[in-house]
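Asks: The structure's right below; bear with me while I get my questions together.
The values are calculated or read from the model by the stated rules, or taken from the named source; none is laboratory data. Everything numeric in this text was worked out from a predicted model, so none of it was measured. Calculation scope for accessible area: heavy atoms of the full protein, side chains included, ligands and nucleic acids excluded. Shrake-Rupley method; radii C 1.70, N 1.55, O 1.52, S 1.80 Å.
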Amino acid sequence: MYRLLILDPPAGTPAFLALKGEVLRVGREPESDLVLDRPAVSRKHAVLHAEAGAWWVEDLGGGNGTYLNGLRIDKAWLKPGDRLHIGEIELVFEVLPASAPPLSPPPLPAPPPPPLPTTSPLPPPLPRLMLTPPPVPPPLPTRLRAKSKSRTGLWVALSVCLLLLLAGGWLLRDRFMPGSGMAGFLSFREDAGKAPREAFAKALAPGRLTELNQVLWPTVEPEAGWTFFFRTCLVTGGTRKGDRQAVLFYHPWSDTALLTQWKNQERLIELEMVPGEALRKGGAPPYGGTLGWTRLQAYAPPAVGMVTAQTLKAFEHAFSAETGLYVALPWLAQAQAREACRLASSLQFAQIVKSLTILSDSYDQPARLAFIRLLALGGEAPATAPGTPPDSANALRALPSAAWSGFQPTALVDTNARVLILAHHRGSPDLFLGVVFRREGVELVPERMDLLSFNACYGALK
């Protein structure tokens, strides 16, 4: 059970309102469930909805808007501690003291996905996706072997040894410390998934994104597009040369790749968006503007993994001895090729946005509700989908119950007879889930579930 703590400065004394039923209408009109009689509050300002044991808020289009934790929103899930601002009135979303906090809410029904908790019972994502772990460093000397003739000589020798150890550790840290060579890029991905404008401004010279944004995001706000991209992308790096390194941020669902070159993991020197097809074909046109995994004559979930592995392998090959984007990929240096790549990437990303818009087109969209109900079964879900392969069934049954709410829809394929939902896991980007529903009249019946790992797909390709 939940409640709202109502902080109204003119009233002075805070009040509590227990959330009951499925809808709470907030506004200035007397018919509202929560009447806030203030000039900055619209007559019909916002609505809180209950779904699957959780609550989400929807702004009704008033002039002053609805703000969640300082950000203006249209729709967003609520979690304990969230602060809603409606006019000058603050509403704090709380769990009633007598009840325990519920599981995380199901995925938000509109792209881009809303901010969700980052903790997860699953293992954290690998620090360098798709690459083999670095070699174990050879043991370094821990003490001087030669005998000193005097106490002073011993101290001098130990000091020199310590300095050598520190210098060696500094020079070899990226080579021998797992994940250290990618830490800065993983941090950038995390920051860009929360506030892309600030993340880019910190790493990139002003104005470098303007032209790219104009082509890439014709249907969504650039900041919303980048937020969704970085929350659902994989990261891998090319060979490091001095202080320079090429890094790939690849979005497997839209089959688009952000190619970047960095200096000291801090300064973004070059960036370009290309379709995965361009990398896989070595720049040979046409790119088509279609998702690579939909063009394969294969079942979609393995096809996503296969295309992703091929794309990362092509990046590894191109940037095995070079970091400059236009040196490693000479075809990208042509303005015509860059324009074609950006346009194809925009078309591919628009397909994913459209599929997610369809999935969340209405509150009671059948595919969305069927997916939520299936996840709510947890480890019992595979038993309801008889076509689930044994390996996937065993892996799904082994998942902790709290991990199921972490799967978030990323793509929808509707063939009338069947509906396929592909979902990534917000706590572990390496995992993804495919669910096939069969139409029986107006009902959607689970037919098959597949739990796959991008690392496993990449290993199989190598």
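Asks: Using alpha-carbon positions, what is the distance between the centroids of the range 227-271 and the range 365-394, in Å?
Replies: Going from one Cα centre to the other spans 34 Å.
Asks: Could you work out the mean projected area of the convex hull around the alpha carbons of the range 286-379, in square nanometres to one decimal?
Replies: Orientation-averaged projected area of the Cα hull: 9.0 nm².
Asks: Got a number for carbon plus sulfur as a percent of the range 415-462's accessible area, 1.4 Å probe?
Replies: It is 52 percent, rounded to a whole number.
Asks: So, for the range 341-462, what is the accessible surface per residue at a probe of 1.4 Å, expressed in square angstrom?
Replies: Details: 5070 Å² over 122 residues.
On a per-residue basis, 42 Å².
Asks: Suppose all protein chains stay in the model; what accessible area per residue would a 1.4 Å probe give for the range 211-288, in Å²?
Replies: In whole numbers, the range 211-288 has 33 Å² accessible per residue.
Asks: Greater than 30 Å separation of Cα atoms is the criterion. Which listed pairs, 20/194; 20/354; 281/354; 241/281; 75/263; 241/313, meet it?
Replies: Result: 20/194; 20/354; 75/263 exceed 30 Å.
Asks: Still on this structure, please answer the following. If we restrict to alpha carbons, what Rg and Dmax does the range 40-96 come to, in Å?
Replies: So, for the range 40-96, Rg and Dmax equal 10.8, 32 Å respectively.
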